[in-house]
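Some notes on the structure that comes next.
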Amino acid sequence: MGVKGILLIIEGLVLAVGFLMVYMAVKRKQRCTEPAVATIVDIKRDTDTDDKGNKSYSYRPVLEYKVGVETFKRTAKATSKDRKAYKVGAQVNIKFNPLKPKEFMTAKQKSGYGTGILLMVIALAAAVATLIFA
């Protein structure tokens, strides 16, 4: 197997990851159908450090919501670089999975469609370039 074959395998793997991201986003959206209102009860700060040691922070709200008599407290996947984007006590519209209520998504949560589609387009373009030029 030459360089061309190795490149095509890598591009195929990237294509598969992109497809999987889109598939999972579609399935999650299909599962999370019941609307609810959650309250922000805390804000988690995540720290990233780059190669030069510079730190950057992102913030994720911790949401609390009720389904029947059960209360769920979960950290949202939505993030913001702006600490003021989330306020404790604010209410957030969510949709949860009626069969597994701890699974939810916020209205502002990115679904993963865009990133998955972008990966697929890049992989396909790279594969075409590999077939033409390699």
Unit charges at the beta carbon, dipole of segment 3-133: most positive-side option, Ile117, Phe104, Tyr65: Tyr65
Taking all pairs of distinct alpha-carbon atoms in the chain, Kirkwood radius in angstrom: 17.5
Relative contact order (percent, whole number), the chain, Cα cutoff 8 Å, 6+ residue spacing: 34
Given Lys4/Lys27; Lys44/Lys100; Lys4/Lys52; Lys27/Lys77; Lys27/Lys84; Lys4/Lys55, the pairs whose alpha carbons are separated by over 28 Å: Lys4/Lys27; Lys4/Lys52; Lys27/Lys84; Lys4/Lys55
Based on other C-beta atoms within 10 Å, arrange Arg28, Arg45 from fewest to most. Arg45, Arg28
What does the C-alpha gyration tensor say about the overall shape of segment 82-127? Classify as rounded when a/c is under 1.5, otherwise prolate if a/b is larger than b/c, or oblate. oblate
A correct fewest-to-most ranking of Tyr86, Tyr113 by other Cβ atoms within 10 Å would be Tyr113, Tyr86
For Ile40, Ile122, order by how many other beta-carbon atoms lie within 10 Å, fewest first: Ile122, Ile40
Using the Cα gyration tensor of segment 44-101, with a ≥ b ≥ c the square roots of its eigenvalues, what is the shape: rounded (a/c below 1.5), prolate (a/b larger than b/c) or oblate (neither)? prolate
Sorting Ala16, Ala36, Phe133 by the position of each Cα along the dipole of the chain (Lys, Arg +1; Asp, Glu -1; all at Cβ), the one nearest the positive end of that ordering is Ala36
With +1 on each Lys and Arg Cβ and -1 on each Asp and Glu Cβ, how big is the dipole of segment 1-109 about its Cα centre, in debye rounded to the nearest 20? 260
In degrees, nearest 10, the alpha-carbon axis of helix 3-31 is tilted away from the dominant principal axis of the alpha carbons of the chain by 20
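Read-outs throughout are calculated quantities, based only on the coordinates presented, and are distinct from any laboratory measurement. Computed from a predicted structure; not experimentally measured. Note that each Cβ is placed from the backbone with ideal geometry, even for glycine, and that neighbours are counted across all protein chains shown.
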